[in-house]
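Asker: The structure that follows is given in the form of structure tokens.
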Amino acid sequence: PENETAIYELAYCYDETNQLETCAEYFNNFINNYPYSFPAWYNLGNVYQRLDDIEKSISCYDFAIAINDVFTPAYLNKASAFVKNEEYHKAIETYKEIIAFEPAHAATYCFIGECYERMELTTKATEYYNLALETDAFFADAYIGLGMVKDLEDEIEASIAFIQKAIDLEPDQIDYYLLHSAALKKAERYMEAQRTLEKAMTLSNDNTEVWIEYADIYDKTDSAEKALLAIEHALELNSESIALHYRKAAYLFKIGKKEAALSLFEHLFAQDFEKCQSLLDDFPELENDPDFILLYNEHKS
């Protein structure tokens, strides 16, 4: 029972085999016998967080911290749980507790900056992202954070520059390219946004989100036909993606192939209705079509 490695490996195996409920039961029983095992409390907290039982997860992390008050992972995951619960002030307090007993890492400052960013307190967010860069001038996530802050402040060109700096530091991060293309689109620099996504495709050509954004640029530049072709190519690489099939249906509708679009929508609604919700934000014209709305309401009920 004192073998910490075995405890972590067991939790990992439960997680990999998607036996979260069984894992929670096991660690609860384990803790009944060994209540001062901080790794057991910590892993039980992780399980509850995966199960979206945030209050229980925080309680478990508190027990782990009470037993070992310099166990950094428990503080980090407790703060992460607060972020999930949108309790950003509590998350910040938890991150600051870490700084009180160990030298501050750039990542910790970035986590605090992100909490302030989510609260749209841009001055405080900027302060902590800059502290991260003072700690590590090559910490790419801090530049991403500054880019997001500048976007909130409607300084889009500055946002683009900061995100580009992050890409220069870590050119293999697909998420950075997605953020960069989004900023370029906001600035209506569509050709550059498209080139950014094409660079992302060289890293992974079957990333669904990259293809959706790539097609959207064609759509925004008045070429729904090219958008449809892009999505159809993406489906050749990732035929199981419901999101891509929904986009195909929307573009079929947009280019006037309404019957084919409605047929595909009907099939998709039966498979995964929830994924349609985000689509309506991007294709509001669907909500003005009586045939689509009739089909939509039939499945909604």
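Asker: Compute the distribution of all C-alpha to C-alpha distances in the chain, in bins of 20 Å from 0, and list the percent of pairs in each, rounded to whole numbers.
Answerer: The percentages, shortest bin first, are 26, 49, 25, 1.
Asker: Still on this structure, I have one more. Provide the gained length on full extension for the span residue 170 to residue 21, in nm with one decimal, where the gain is 0.36 nm per separating residue minus the Cα-Cα distance.
Answerer: The residue 170-residue 21 span can extend by a further 49.9 nm.
Asker: Here is a further query. Using only Cα atoms and rounding to the nearest 10 degrees, what angle (0 to 90) does helix 174-186 make with the longest principal axis of the chain?
Answerer: 50
Asker: I've got another one for you. How many percent of the accessible area of the chain is carbon or sulfur, using a 1.4 Å probe?
Answerer: 48
Asker: Let me ask something else about it. For the chain, which longest stretch is free of loop sites, where a loop site is one of the GluC sites (Glu not before Pro) that DSSP puts outside H, G, I, E and B and that has at most 15 other Cβ atoms within 10 Å?
Answerer: Working: sites that count: 2, 86, 120, 153, 155, 188, 240.
Within the chain, the longest run free of exposed GluC sites (Glu not before Pro) spans 3-85.
Asker: Another question, if that's okay. Restricting things to alpha carbons, find the Rg to Rh ratio for the stretch 103-228 using the Kirkwood radius for Rh.
Answerer: Ratio value, two decimals: 1.03.
Asker: Another one. Just to confirm, what accessible area per residue do you get for the chain at 1.4 Å probe, in whole Å²?
Answerer: Accessible area per residue: 52 Å².
Asker: Suppose we keep just the alpha-carbon trace of the stretch 58-133; what are its Rg and Dmax in angstrom?
Answerer: Cα-based Rg and Dmax for the stretch 58-133 come out at 12.1, 36 Å.
Asker: Just tell me the longest site-free run in the chain, where the sites are chymotrypsin sites (Phe, Trp or Tyr not before Pro) in a DSSP loop having at most 12 other beta-carbon atoms within 10 Å.
Answerer: 139-301
Asker: Which angle from 0 to 90°, rounded to the nearest 10, does the C-alpha axis of helix 258-271 make with the longest principal axis of the chain?
Answerer: Relative to the chain, helix 258-271 is tipped by roughly 20 degrees.
The values are calculated or read from the model by the stated rules, or taken from the named source; none is laboratory data. Being a predicted model, the structure only gives us computed values, none of them experimental. A quick note on method: Cβ atoms are made from the backbone with ideal geometry, for glycine too, and the neighbour counts reach across all protein chains shown. Ligands, DNA and RNA are stripped out before the accessible areas are found, and what is left, the full protein with its side chains, is counted by its heavy atoms. Shrake-Rupley method; radii C 1.70, N 1.55, O 1.52, S 1.80 Å.
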